[in-house]
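What follows is a single structure, written as structure tokens, with notes after it.
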Amino acid sequence: MTRKSSRISTAVALSFQGVIVLVGWLAVWLMGVDILSGSTGWLKAVAWGISGSIVTYLLLSALARAPGPIRDSLSGHMRQLHGFANDYSWPVLMTLSVLAGVGEELLFRGAVQGWLAWHLNDALAILLASLLFGLVHYLSFAYFVMATGLGLVLGIAYWMTDSLLLVMVWHGVYDIIALYSLRRYPHVFGVH
């Protein structure tokens, strides 16, 4: 399937996410952070990551669809995200989702939150890393709040388990579910 309407080529989108993975991996490697460490084994980390992504998606999508100012503020962004989801094939969307989950969690949880936790207390490290995560995803104040909230959830999960694998799976699977739902059921999000 050839994309025709996207403003960002497939190669550029995949390369951008790939660079984030490399930068995140380099940062955690230099810091000596073990990606597979933690209080959970890899199988439990994957299972908890998938479970967490489903619950998070259900909560955030309910919030985004609830009548009121949040839904009103997000409606334009849902149309933009729907266009983004339709601009790429499923294999590209899945790859982008996995790369975003891996790269952003290496960077924001592993490197940023980890570095801040070495220099500040854990709560402040989680908060500041989550605010930065929200700012990077800023489309509007409502979207910033939702992204920051997701960052807080992922930051707390990482702090509790010390498992980057868990939050990478959580983030990547969340993105896959969100893009699938927005592409398959746009009317649920007010996109017609």
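Name every residue in region 23-43 that is free of Cβ contacts under 8 Å to residues at least 40 places away in the same chain, surrounded by 12 or more Cβ atoms within 10 Å (Cβ to Cβ) and in a helix (DSSP H, G or I), in order of residue number.
Residues satisfying the conditions are LEU26, TRP29.
When both residues are 6+ apart or on different chains and their Cβ atoms are under 7 Å apart, which pairs have a first residue that lies in region 57-79 and is farther than 17 Å from ARG184 by Cα and in contact (Cβ under 8 Å) with a residue 40 or more places away in the chain, and a second that is crowded, with 17+ Cβ neighbours inside 10 Å and of a type in the set (Gly, Ala, Ser)?
Correct list of pairs: ILE70/ALA64; ILE70/ALA142; ARG71/ALA64; SER73/ALA142; LEU74/ALA64; LEU74/ALA142.
Per-residue answers, yes or no, for (1) closer than 16 Å to LYS44 by Cα; (2) touching a strand residue (DSSP E or B) at 6+ places or on another chain (Cβ under 7 Å); (3) buried (at least 22 other Cβ atoms within 10 Å of the Cβ):
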position: GLY151; (1), (2), (3): no, no, yes
position: ILE156; (1), (2), (3): no, no, no
position: THR161; (1), (2), (3): yes, no, no
position: MET168; (1), (2), (3): yes, no, yes
position: VAL173; (1), (2), (3): yes, no, yes
position: ILE177; (1), (2), (3): no, no, no
position: TYR180; (1), (2), (3): no, no, no
position: ARG184; (1), (2), (3): no, no, no
position: GLY190; (1), (2), (3): no, no, no
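From TYR138, TYR57, TYR88, TYR143, which residue is among the hydroxyl-bearing types (Ser, Thr, Tyr) and buried (at least 21 other Cβ atoms within 10 Å of the Cβ)? Spell out how you get there, then give the answer.
On the way: TYR138 fails: buried (at least 21 other Cβ atoms within 10 Å of the Cβ); TYR57 fails: buried (at least 21 other Cβ atoms within 10 Å of the Cβ); TYR143 fails: buried (at least 21 other Cβ atoms within 10 Å of the Cβ).
Of the residues listed, the single one that is among the hydroxyl-bearing types (Ser, Thr, Tyr) and buried (at least 21 other Cβ atoms within 10 Å of the Cβ) is TYR88.
Can you list residue pairs whose Cβ atoms sit under 7 Å apart, with the first residue in region 112-130 being touching a residue at least 60 places away in the same chain (Cβ under 8 Å) and the second being outside any helix (DSSP H, G or I) and among the β-branched types (Val, Ile, Thr)? Count only pairs 6 or more apart in sequence or on different chains.
Cβ pairs passing all conditions: GLY114/VAL33.
Looking at this structure, is LEU166 over 23 Å from GLN17 (Cβ atoms) and within 17 Å of the chain's Cα centre (by Cα)?
When the stated conditions are applied, LEU166 does not pass them.
Out of region 125-147, which residues are under 14 Å from the mean Cα position of the chain (by Cα), assigned to a helix (DSSP H, G or I) and not aliphatic (A, V, I, L, M)?
Within region 125-147, SER130, PHE133, GLY134, TYR143, PHE144 qualify.
Just so you know, all these numbers are worked out from the coordinates, no wet-lab data involved. These numbers were taken from a predicted model, which means no experiment stands behind them. Note: ideal-geometry Cβ built from the backbone for every residue, glycine included; neighbour counts use all protein chains shown.
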